[in-house]
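All of the numbers you see were taken from the coordinates with simple rules; none came from a lab. Bear in mind that the values here come from a model prediction, so they are computed numbers and not experimental data. All Cβ positions, even for glycine, are placed from backbone atoms using ideal geometry, and neighbour counts span all protein chains on display.
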Amino acid sequence: MKVNVKDIKIGEGLGDIVFGNTKDRVKHLLGEPTEIDTFNASGEEDGYLTEAWHYDEQEFSLSFDEEDNWKLTTISISSPESLFKGEQIIGKAMDDVLALMNNENLGDNELDDLSDEETNQQLVSFLNASLNLWFEDGELSEIQWGVLWSDEDTPNWPE
């Protein structure tokens, strides 16, 4: 079975991988991940756990949250092969990426400059779209997006 893991779909998933998928479903579609990290995402001692599955060859990670019954809630990708609306955007200039995103009516965005002496890094977040765009040296290096939320506690799982 050939699984599509190239098409970035805001609020839905990555190709055939859909937010709300169980770990078993993802393992059936993609096989074993290269690496699994488990961590406390809330930072609180009694907070819930998140499990991140890394697929190094395809350059993406999938996160499952204990708080949401271990369903897929977040995807991160850095593969230049990935497509948004049929276009490769990893490696594109910030102005070009933001112009494309502004055409998608994703709501307002926030820009955080995370640069230090060693790195030139910016983060652009579209909070209403659960979308983060990471830029290094003015070029898109990673996209993180998640399930959309009806309210603070209720994920809006894709159909």
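Taking a point 7 Å from the Cα of E87 along the Cα-to-Cβ direction, none of the residues of segment 119-159 has its backbone N closer than 11 Å to it.
Packing, taken as the mean count of other beta carbons within 10 Å per residue, orders the peptides 111-121, 22-32, 6-16 from highest to lowest as 6-16, 22-32, 111-121. Lysine pair count for the chain with Cα-Cα distance under 22 Å and sequence separation of 8 or more or different chains is 15. Only the Cβ atoms of Lys and Arg (+1) and of Asp and Glu (-1) were treated as charged; on that basis the dipole of segment 31-159 about its Cα centre amounts to roughly 640 debye.
Phi-derived couplings, Karplus 6.51 cos²θ - 1.76 cosθ + 1.60 at θ = phi - 60°, listed residue by residue for segment 63-73: 10, 10, 10, 4, 4, 10, 6, 6, 8, 5, 10 Hz, with x used for Gly and Pro.
Spacing of the modelled spin labels on E159 and D137, each 7 Å from Cα toward Cβ, amounts to 4.5 nm.
Give, in nm to one decimal, the length gained when the segment between L123 and N103 is fully stretched (0.36 nm per residue of separation minus the Cα-Cα distance). Numbers along the way, then the final one.
Details: separation 20, 0.36 × 20 = 7.20 nm, distance 1.89 nm.
So the extension gain works out to 5.3 nm.
Working note: Debye formula, equal point scatterers on the alpha-carbon atoms of the chain, no solvent; log10 I(q)/I(0) at q = 0.11 Å⁻¹ is -0.44. Per the Debye formula on identical point scatterers at the alpha carbon atoms of segment 71-137, with no solvent, log10 I(q)/I(0) at q = 0.15, 0.27 Å⁻¹ is -0.52, -1.43.
The gain in end-to-end length when the E152 to D113 segment is fully stretched comes to 11.4 nm, 0.36 nm per residue minus the alpha carbon separation.
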